[in-house]
1. Can you tally the net charge around Asp49? Count Lys and Arg as +1, Asp and Glu as -1, for every other residue whose Cβ sits under 15 Å from the Cβ of Asp49.
2. Within the set Lys120/Lys149; Lys86/Lys150; Lys67/Lys96, which residue pairs have Cα atoms separated by over 20 Å?
3. Would you kindly calculate the translational diffusion coefficient of the chain, applying Stokes-Einstein with the Kirkwood radius from alpha carbon pairs, for 37 °C and a viscosity of 0.692 mPa s, and quote it in µm² s⁻¹ without decimals?
4. Within region 41-88, what whole-number % of the accessible surface is contributed by carbon and sulfur, with the 1.4 Å probe and all protein chains included in the calculation?
5. Could I have the simple spin-label model distance between Glu55 and Asp35, label points 7 Å from Cα toward Cβ, reported in nm to one decimal?
6. At Lys150 and Asp137, where each label point lies 7 Å from the Cα along Cα→Cβ, what is the point-to-point distance in nanometres?
7. Using the Cβ atoms and a cut-off under 11 Å, what net charge is assigned to the surroundings of Ala99, where Lys and Arg are +1 and Asp and Glu are -1?
8. Mind running the shape call on region 62-118? Use the C-alpha gyration tensor, a ≥ b ≥ c as the square roots of the eigenvalues: rounded below 1.5 for a/c, prolate if a/b tops b/c, oblate otherwise.
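The values are calculated or read from the model by the stated rules, or taken from the named source; none is laboratory data. Everything quoted here is computed from the prediction, not taken from an experiment. Quick reminder, even Gly has a Cβ in these numbers, built from the backbone with ideal geometry, and neighbours come from all protein chains shown. Side chains included, ligands, DNA and RNA excluded: accessible areas come from the protein's heavy atoms. Shrake-Rupley method; radii C 1.70, N 1.55, O 1.52, S 1.80 Å.
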Amino acid sequence: NYAEAHFNLGNALNDLERPDAAAASYGNAIAIRPDYAEAHNNLGNALKDLGRLDEALAHCRRALSIKPDFAEAHYNLGVLLQKLGKPDAAAESYLKALAIKPDFAEAHNDLGNALQDLGKLDEARANYSKALAINPDFAEAHRHLSIVKKFTEYDDDIQAMERSYAAP
């Protein structure tokens, strides 16, 4: 199957951090098999790495139109929406990914990032903790959890101080 060969070459090129060549290979796979959801998804990732976010968005959405239960494509759409400054929409995409694949540590972590951007620190903290329950070695989730803990603990300290000043 030539489409799969181009797809596999794209994956190898992506692993070598050559998103331009990977994008070309995924494009070749799609030219042979236009309904290849995985190739659309991976092309979206390669285009994201090249800074071509609108094109990347179109390919992630195309992957989801072909395969609506594709957790990784929902996740990648969330990543793109987050990069485009749309944390509400990103959170929705991460939640869709998690509804399909509840043990998706990266989606919990990035949902935490979107929630943090929305000022929902307790929910962010819970998602970072879920990511770490799934993958205890997830360094990025450890870092995000420590940051959000500092914010929430600092906020708790300020509220306690405000209560003490308000007391008669």
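1. -1
2. Pairs exceeding 20 Å: Lys86/Lys150.
3. 190
4. 48
5. 2.6
6. Inter-label distance under the simple model: 2.6 nm.
7. 0
8. oblate
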